[in-house]
1. Spin-label point model (7 Å from Cα, Cβ direction): what's the residue B:434 to residue B:304 distance in nm?
2. Extension gain residue B:195-residue B:125, at 0.36 nm per residue separation less the Cα-Cα distance, in nm?
3. Tell me the trypsin sites (Lys or Arg not before Pro) within the range B:82-136 that lie in a loop according to DSSP and have at most 14 other beta-carbon atoms within 10 Å.
4. List the equivalent ellipsoid semi-axes of the range B:240-385 in whole Å, largest first, each obtained as the square root of 5λ for an eigenvalue λ of the Cα gyration tensor.
5. Which whole-number percent gives the relative contact order of chain B, counting Cα pairs below 8 Å spaced six or more residues apart?
6. Please work out how much length the chain gains when fully extended from residue B:399 to residue B:415, using 0.36 nm per residue of separation minus the C-alpha to C-alpha distance, in nm with one decimal.
7. Per q in 0.19 1/Å, what log10 I(q)/I(0) does a Debye calculation on the alpha-carbon atoms of the range A:3-81 return?
8. For a label point 7 Å from the Cα of residue B:268 along Cα→C-beta, name the residues of the range B:365-382 whose backbone N is under 15 Å from it.
Amino acid sequence: MTKEKIYSLLDEVFQDVFDDEDIHVTSETTANDIEDWDSLEHINLVVAVEAKFGIKFNMNEVVSFQNVGEMVDVIVQRVGAK
Amino acid sequence: MKQFEYPFDADYLLSKKKRLKRELLAASDQFLEIKIAILGGSTTSDIRQILELFLLHHGIKPAFFESEYNRFYEDAVFGNPELDELKPDLVFIHTTYRNVRNFPALSDSSEAVQEKLETEFGRFRSVWEALEQKYHCTVIQNNFDFPFYRLLGSKDASDIHGRVNFLTRLNLKFAEYAESHSAFLVHDLNYLSAQYGLDRWHDESAWYLYKYALAVQAIPCLANSVANIIKALYGKNKKAFALDLDNTLWGGIVGDDGVEKLSLGQETAESEAFTAFQAYLKELQSLGILLNIDSKNEMCNALAGLEHPEGVLKQDDFIIIKANWAPKSQNLAEIAAALNIGIDSIVFVDDNPAEREIIRQTFPSVSAPELGTEPEKYIRILDRNGFFECVGISTEDLNKQQLYQENARRADLLNSFTNYDEYLRSLQMTARIEGFVPMYMQRIAQLTNKSNQFNLTTRRYTQAEIEAAAADPDCITLYGKLTDKFGDNGVVSVVIGHKRGDELDIVLWIMSCRVLKRDMEFAMMDALAAKCRAASVKTVYGYYYPTAKNGMVRDFYQLHGFTKISEDENGNTAWRLDIDSYQKQNRFINVED
């Protein structure tokens with residue numbers, strides 16, 4: 001899966017979870033960029049990303065993501081390995 | 001909405017919950033508003049949000065209080081001003097095995113284990129008693145799921161030191177408490193987690209990361225299960241089936257294959273599955289669910305199929321049989337009209353996806369579950385949907401089949417009279433009308449939640465509220481039970497009035513449509529007037545609040561001699577009656593003292 005494809009699927013996930021069709025994420029996007037992105041929504045986001053890509057993050061990954069780019073790095077590893 | 005019927009897509013519901021909420025809110029303007037407190041022993045944020053969706057799907061709009069993380073005990077026992085302010089109608093206590101504090105140690109004596117059991121139970125009981133005392137509300141309490149590992153392996157279940165054993169006994173104590181407290185209901189988390197699969201149910205990372213005591217993907221399953229209890233409490237259970245015949249109740253097409261070729265009985269795996277499905281429907285019938293047929297067939301072929309010697313269901317098991325070539329939606333509407341129930345309380349069961357889709361398009365409020373094509377799966381799909389979630393079995397439910405058959409005989413009798421008064425006289429009706437008595441509290445509460453048409457104010461009551469009204473010296477309560485020569489109709493009418501000095505406000509007046517045009521409302525008004533006189537009430541006020549369903553009682557108070565004193569732009573009206581001027585109205589019912 002190309003990174004472009006991953007980002008476009010992530011856009012769909014973010015748009016669903018935050019119910020905002022104008023959201024487009026980049027590797028630099030963080031929780032500070034999206035108003036409703038609090039710790040509770042973070043759970044939903046993680047679960048929705050896992051469902052979208054058919055993967056499971058481990059605990060350390062979930063707590064270590066600093067921005068969307070780091071999440072994409074893990075997705076690339078997992079999806080590539082499939 | 002179909003998305004909320006089993007089998008639902010948990011990931012879809014979780015990721016699109018905000019949009020779904022908007023859509024559900026836009027789909028109706030007739031929600032029943034209730035106040036729910038969620039007291040959690042773990043994180044409950046998504047549980048609240050997904051529960052809200054399932055409740056909206058059932059026509060219930062909740063206002064929530066949600067306790068802070070693991071504050072269920074403190075909020076209940078020591079109180080919380082926000083919770084007080086909400087005055088909950090209902091409290092859901094979401095606790096799991098992770099909230100048990102006093103598990104046995106391997107070195108404990110059996111007395112020590114027993115003491116821990118009592119201590120643990122006592123801690124929960126003090127929560128329930130505090131809530132009961134403060135809010136007189138219904139409490140829904142999870143029982144316990146089993147832990148994700150077992151120190152003793154299988155012996156964990158059979159040794160008193162095992163956690164599985166301890167939780168099983170604790171669950172039984174919860175069940176015992178429920179048996180003696182009608183406003184306390186156990187939500188069976190133990191079964192639900194087993195059904196979901198304990199390996200998937202327990203997600204340790206969800207616990208360590210977010211303090212969710214179950215996998216996030218299991219939340220829709222939990223919410224569905226809890227919402228089913230709540231919707232049942234508020235009278236939103238389904239009441240009847242409209243069943244297809246060919247490839248639904250039996251394998252094969254009776255009109256083409258003939259009765260002897262139908263797949264039914266114990267001969268093949270498939271015929272066993274159809275027979276088991278019929279037996280399942282027969283069990284639901286014993287709970288008061290009405291069975292009806294909506295089939296594209298010649299009537300003679302349909303009836304011949306029901307004569308199949310291996311069939312569990314016979315012609316007599318059905319209230320209404322529609323076997324014809326009319327559109328099924330038309331038959332469905334006629335079944336609802338004949339049974340005098342809302343079309344939204346019918347479950348349409350048909351193996352044909354096209355027929356299901358037409359029904360959904362025509363009547364979005366009718367459930368037409370996705371049966372699939374394998375008869376061995378039918379039971380599971382109906383069961384998991386919780387259409388008939390049971391929150392208390394009343395004798396009314398158990399006798400419902402008989403009630404409807406008696407009604408059919410009354411209809412026959414009516415046809416033999418040309419004068420309606422003569423018909424009423426020939427019914428030899430007797431009624432018992434008095435203040436609420438303990439024996440009927442459950443039925444009275446049920447009636448306040450089920451009656452939509454002959455209902456002046458559409459106020460809903462829980463059993464706890466009914467009991468509170470009965471005990472309140474400033475309330476006049478009446479229930480009416482009607483019997484005639486064909487049988488006992490049971491409790492069919494309920495009235496509640498609030499006293500203000502020598503005035504009375506009628507806050508609830510309902511009657512079951514089962515006894516329409518039988519003069520029962522006149523007998524009830526006579527009894528109310530007598531009670532008012534005995535209580536020195538001089539003036540009675542009646543209120544009518546229009547809904548989509550209660551147009552039939554718009555002029556009710558006028559008919560009973562009240563004078564209209566106000567009407568607002570929404571059609572809400574208020575009425576006054578001077579008790580001294582009231583004259584007895586009932587002519588046909590013998591009222592027992």
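We did not get these values from a lab; they are worked out from the coordinates using the rules stated. All values derive from a computational prediction rather than experimental measurement. Every residue, glycine among them, receives a Cβ derived from its backbone with ideal geometry; neighbour counts consider all protein chains shown.
1. 5.6 nm
2. 22.5 nm
3. Answer by residue number: B:101.
4. After diagonalising the Cα gyration tensor, the semi-axes are 22, 16, 15 Å.
5. 10 percent
6. Gain on extension, residue B:399 to residue B:415, equals 3.3 nm.
7. -0.76
8. Under cut-off, by backbone N: B:374-376.
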